[in-house]
Amino acid sequence: MVQIVKREKLETIILLLFSFFLAFGKYDPFHTGGLYFDGLTVLSLIVIFSFAKKSVLWSQEFVNQYFVLIVIALIFFFASMFYGISLTHEFPLKIKYIFAITIFIFFSYKFRVDKKLRYQSLLAFGIASGLIALGYKLGLFNNQFEFSKGRLLIFGENPNSISSRLAAGFIILYYNILEDPLDLKKKRFILIIFLLPLLLFVIDTGSRGSFLILIIAFVLLTLISKINFSIKVGLGIFSLLSISYLIVILQNSSLISRFQDKDISGGRERIWDIIGEIVQNNIWGVGEEGYLIEMGKISSRVQDAHNLFLYLLVCGGWIALLLFLIFLAGLLRKSLLQFNKKNILPFIFLVFFFFLMTKTGGIMTYLIMWYFLAYINSYSFKTKISNAV
């Protein structure tokens with residue numbers, strides 16, 4: 001019994017460290033070139049697999065999901081072969097993608113069998129996000145950031161990428177303050193100190209999508225939360241009083257000018273038009289390498305599709321796109337079942353990352369997306385679930 005308890009504590013510590021440092025993105029506080037997080041990720045997968053109840057980890061539901069996602073990778077490979085890419089230049093499966101979907105399945109399992117860890121993990125991610133935002137505002141990362149065209153660039157990352165992480169962190173912390181899923185009681189109000197820095201950080205990045213989803217999530221969580229009605233009214237009044245301050249902040253930021261920009265897609269229409277041309281002549285897909293070649297023929301600048309659905313369509317054809325939509329439909333059903341039970345967080349994160357899928361480059365292997373999809377997937381299709389599910 002003592003060994004089991006020690007094993008569970010070790011497993012929890014490793015998974016919480018993974019969740020905490022996941023929020024750091026490309027920032028490497030240990031100067032290992034990212035190796036520290038790669039090692040932590042592999043260790044997390046080994047720990048989950050070693051201690052897992054294999055009958056649950058390899059349940060029909062999880063196996064089917066893994067199969068669908070693996071088939072998409074295979075379709076990409078065969079599409080490349082039929083397009084004419086030499087086998088000597090093309091590895092059969094994209095390792096980074098396989099790694100990401102493995103994390104998705106393993107964390108789906110772990111969050112399902114350990115409800116407490118599900119919320120502990122999210123909170124660790126949220127606290128790490130809050131510390132980054134607070135550190136930035138306190139000047140701790142002055143040598144790590146710069147402003148380009150009025151937008152914050154920090155840790156060498158795309159502003160849309162890091163803003164999405166910190167917006168997710170804001171949502172997690174606000175959810176914990178309202179719902180207190182870990183029964184922290186009054187201690188949870190300490191988390192309030194992170195909310196304003198996180199909001200200001202997102203504004204500084206100039207990311208319209210992250211800002212809008214953050215505000216919408218704040219409103220929905222407040223309205224649908226199980227907290228006392230009088231507290232909701234108080235939060236509403238506080239929010240109204242804060243609007244004037246927020247307006248002043250926005251007027252001095254690049255975010256407001258980006259909202260006024262007529263080019264809502266940020267110049268992505270040209271890329272999408274090119275993809276349309278490629279798809280018309282290759283309805284079964286051309287694979288990833290084929291897409292880059294075709295893009296180069298039409299445009300002088302080879303760019304990512306900046307839309308996961310179009311990327312699936314051009315690389316894997318209608319079959320790959322349909323398989324991924326079927327996969328997403330399952331997550332939507334789970335999030336709506338939780339929505340009906342007044343747990344809106346899975347639905348918010350699904351909408352959040354669905355939106356990112358429509359505008360973000362390289363999101364197919366975006367580890368943070370698969371982590372949050374695993375959180376959504378950890379809920380059961382059953383309408384009545386036990387505390388362990």
Worksheet item: Hey, how many Å between the Cα centroid of the stretch 2-43 and the Cα centroid of the stretch 136-150?
Response: 26 Å
Discussion item. At a threshold of 8 angstrom on Cα-Cα distance, excluding pairs fewer than six apart, so keeping six or more, what relative contact order does the chain reach in percent?
Written reply: 21 percent
Worksheet, complete the sentence: Per the helix-only model, the chain has a calculated mean residue ellipticity at 222 nm (DSSP H runs of ≥4, -39500 (n - 2.57) each, divided over all residues, rounded to the nearest 500) of -23500 deg cm²/dmol
Worksheet item: In what order do T32, T41, T360 fall by count of nearby beta-carbon atoms within 10 Å, going from fewest to most?
Response: T32, T41, T360
Item to complete: Springs between alpha-carbon atoms under 10 Å, Gaussian network over the chain: tell me which of A329, A374, A23 tops the mean-square fluctuations.
Response: A329
Worksheet item: If amide H atoms are built 1.01 Å from N in the plane of the peptide, which residues on other chains or at least 5 residues away come under 5 Å of the amide H of L152?
Response: T205, G206
Worksheet item: Straight-line reach from K6: which aspartates and glutamates have Cα under 19 Å away, leaving out those fewer than 8 places along the same chain?
Response: D114
Response to the item:
Quick calc, the stretch 2-377, dipole around Cα centre from Cβ unit charges on Lys, Arg (+) and Asp, Glu (-), nearest 20 debye, gives 1380 debye
Worksheet item: Which one, (i) 0.96; (ii) 1.02; (iii) 1.23, gives Cα Rg over 2.2 N^0.38 Å as derived from the coordinates shown?
Response: (ii)
Response to the item:
the chain, Gaussian network, Cα under 10 Å: of D261, D204, D28, the residue fluctuating most is D261
Worksheet, complete the sentence: Here the membrane-span-like helices of the chain, with no claim about any membrane, defined by DSSP H, Cα axial extent at least 20 Å and mean Kyte-Doolittle at least 0.0, are 2-22, 35-51, 60-83, 95-113, 115-137, 159-179, 192-205, 208-224, 229-251, 308-340
Response to the item:
Mean Cβ-within-10 Å packing, highest first, puts peptides 190-200, 46-56 in the order 190-200, 46-56
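FYI, it's all coordinate maths here, none of it is from the lab. In this text the structure is predicted, and so the values were computed from the model without any measurement. Neighbour counts are summed over all protein chains in view; Cβ atoms, including those assigned to glycine, are modelled from backbone coordinates with ideal geometry.
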